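Novice: Have a look at this one.
The values are calculated or read from the model by the stated rules, or taken from the named source; none is laboratory data. If you're wondering where the values come from, they're calculated on a predicted model, not measured in any experiment. When we count neighbours, we look across all protein chains shown, and the Cβ atoms used for this are built from the backbone with ideal geometry, even at glycine.
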Amino acid sequence: MIKPRSASERDLYELVEEFFRSGFQTDNPLITEAVRRMLAAGGKRLRPRITLLAAEALGGDASEHLPLAAYMELIHVATLIHDDVVDGAQTRRGVNATAVDFGNRISVLAGDYLFAWIFKNVTETYPPPIPNILSAALAAICDGEVLQLRAMGNLDLPFDDYVEIVQKKTATLFAASAECGAICGGGGVGVRALREFGMHYGIAFQMMDDLLDMTSDENTLGKPVGNDLRERKVTLPLIFALRSGNVTFRRYVEAFFTEKSDDGGSAIAELIGRIGQLGGFDETREAMHTYVERAKLALGGLGPIDSGAREELASLADRLISNS
């Protein structure tokens with residue numbers, strides 16, 4: 001069950017939402033419309049929230065760093081637009097994927113334009129190393145996407161290779177969000193600690209996402225249950241189930257990945273059930289717990305700083321476990 005946000009969390013969430021409503025406008029009306037529709041579909045706004053909390057944790061004022069926080073979410077939105085084209089997704093956050101309404105060509109160009117627009121604004125407004133951190137993060141995200149594509153259907157994908165994909169594809173942007181927020185909030189020894197928090201948090205977040213793809217429902221996910229399996233992605237619950245399963249289970253998975261039809265979802269439901277029976281869900285939760293604890297331990301690098309922002313970051317990490 002998702003817990004209600006605390007007062008401070010609501011404040012940060014509303015600050016970001018108000019900035020998007022009043023402050024987001026590109027030079028291209030079509031792209032602005034496409035991005036606004038994606039933003040209006042919702043989202044947890046975790047990356048901008050971590051940016052603002054990291055700034056507050058080192059003594060900064062969150063309201064002074066709203067543009068930077070918003071850029072973190074917009075980088076995420078641009079990657080989602082591209083992801084949906086690559087995956088041929090029909091829905092995102094419960095609404096049509098951008099490619100469904102605007103077509104693949106416009107969607108790819110919209111994502112490219114948004115990246116360029118973000119970096120134009122970042123380089124005009126923020127000194128190094130912030131532009132360097134964000135450009136390195138974007139390169140890592142693209143690298144992670146390629147690694148994931150190459151790992152499609154690889155039933156022998158090692159756990160360490162899975163973590164490398166997740167680290168690049170998902171966790172790097174969380175780490176960059178925390179690091180850039182920390183720099184803007186005052187810098188110092190806390191910057192490294194907050195980057196490490198973001199990296200470990202991001203790995204745990206992707207593990208949670210992998211788990212919920214198989215254990216949640218379509219209304220909550222905003223996309224079909226078992227979508228990763230439908231796209232023949234090898235995610236953590238399946239990796240663990242393959243470790244525990246016998247030859248019969250492996251052959252069953254091989255046949256599923258070879259067969260393009262999913263019988264209206266019945267084959268996916270059957271596979272999900274077997275993954276759960278073989279402990280794939282429980283082992284994924286254990287792995288998540290490990291990375292959540294690492295994220296919280298990283299906050300110890302902030303030293304004697306005692307702030308509500310630090311507590312909020314630890315709470316965000318704990319919530320990954322409770323929400324799964």
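Novice: Going residue by residue through region 303-312, is there one that turns out to be more than 30 Å from residue 61 (Cβ to Cβ) and assigned to a helix (DSSP H, G or I)?
Specialist: no
Novice: Follow-up. For region 33-53, which residues satisfy the criterion of being hydrophobic (A, V, I, L, M, F, W, C), in a helix (DSSP H, G or I) and farther than 20 Å from residue 125 by Cβ? If you could, list the steps in order and put the result at the bottom.
Specialist: Here is the first cut: in region 33-53, the ones hydrophobic (A, V, I, L, M, F, W, C) are 34-35, 38-41, 46, 50, 52-53.
Adding the requirement that they be in a helix (DSSP H, G or I) leaves 34-35, 38-40, 46, 50, 52-53.
Across region 33-53, the qualifying residues are 34, 38, 39, 40, 46, 53.
Novice: Residues 114, 155: which one is over 20 Å from the mean Cα position of the chain (by Cα) and either within 15 Å of residue 72 (Cβ to Cβ) or not in a helix (DSSP H, G or I) (or both)? Give the derivation first.
Specialist: Working: 114 fails: over 20 Å from the mean Cα position of the chain (by Cα).
The conditions single out 155.
Novice: Can you spot a residue in region 158-166 that is modelled with pLDDT under 95 and under 21 Å from the mean Cα position of the chain (by Cα)?
Specialist: The answer is no, given that none of the residues of region 158-166 is modelled with pLDDT under 95 and under 21 Å from the mean Cα position of the chain (by Cα).
Novice: Moving to a separate point now. Going through region 121-137 one residue at a time, which ones are in contact with a helix residue (DSSP H, G or I) (Cβ under 8 Å, 6 or more places away or on another chain) and either surrounded by 19 or more Cβ atoms within 10 Å (Cβ to Cβ) or among the charged types (D, E, K, R) (or both)?
Specialist: 122, 126, 130, 133, 134, 137
Novice: In region 92-102, is there at least one residue being assigned to a helix (DSSP H, G or I) and closer than 21 Å to residue 213 by Cα?
Specialist: Looking for residues that are assigned to a helix (DSSP H, G or I) and closer than 21 Å to residue 213 by Cα, one finds at least one in region 92-102, hence yes.
Novice: Still on this structure, I have one more. Which one is farthest from the chain's Cα centre (by Cα), of the residues in region 43-90 that are of a type in the set (Ser, Thr, Tyr) and within 12 Å of residue 16 (Cβ to Cβ)?
Specialist: Restricting to residues being of a type in the set (Ser, Thr, Tyr) and within 12 Å of residue 16 (Cβ to Cβ), the top hit is 63.
Novice: Farther than 20 Å from residue 158 by Cβ, of a type in the set (Gly, Ala, Ser) and crowded, with 17+ Cβ neighbours inside 10 Å: which single residue out of 317, 255 fits that description?
Specialist: On the way: 255 fails: crowded, with 17+ Cβ neighbours inside 10 Å.
Matching residue, one of 317, 255: 317.
Novice: Scan region 108-120 and give yes if some residue there is of a type in the set (Val, Ile, Thr), at pLDDT 95 or above and either within 20 Å of residue 312 (Cβ to Cβ) or buried (at least 18 other Cβ atoms within 10 Å of the Cβ) (or both), otherwise no.
Specialist: no
Novice: Looking only at region 83-130, which residues are closer than 21 Å to residue 68 by Cβ and touching a residue at least 40 places away in the same chain (Cβ under 8 Å)?
Specialist: Matches in region 83-130: 113, 114, 115, 117, 118, 121, 122, 125, 126, 129, 130.
Novice: Taking the options 56, 14, name whichever one is assigned to a helix (DSSP H, G or I) and either basic (Lys, Arg) or without any contact (Cβ under 8 Å) to a residue 24 or more places away in the chain (or both).
Specialist: On the way: 56 fails: either basic (Lys, Arg) or without any contact (Cβ under 8 Å) to a residue 24 or more places away in the chain (or both).
When all the criteria are applied, what remains is 14.
Novice: Something else about it: What number of residues within region 199-224 satisfy the criterion of being within 25 Å of residue 174 (Cβ to Cβ), at pLDDT below 90 and either of a type in the set (Val, Ile, Thr) or in a helix (DSSP H, G or I) (or both)?
Specialist: The total comes to 2.
Novice: Do you know which of the residues in region 91-107 that are aliphatic (A, V, I, L, M) and buried (at least 19 other Cβ atoms within 10 Å of the Cβ) is nearest to the chain's Cα centre (by Cα)?
Specialist: Going through the qualifying residues, I end up with 97.
Novice: Would you check which residues across region 18-32 are surrounded by 14 or more Cβ atoms within 10 Å (Cβ to Cβ) and either in a helix (DSSP H, G or I) or in contact with an Asp or Glu (Cβ under 9 Å, 6 or more places away or on another chain) (or both) and list them?
Specialist: 19, 20, 31, 32
Novice: If residue 263 passes every condition in (1) farther than 30 Å from residue 67 by Cα; (2) among the charged types (D, E, K, R); (3) at pLDDT 95 or above but one, which one does it miss?
Specialist: Checking residue 263 against (1) farther than 30 Å from residue 67 by Cα; (2) among the charged types (D, E, K, R); (3) at pLDDT 95 or above, the one that fails is (3).
Novice: Just checking, how many residues over region 225-257 are in a helix (DSSP H, G or I), free of Cβ contacts under 8 Å to residues at least 60 places away in the same chain and over 18 Å from residue 285 (Cα atoms)?
Specialist: 9
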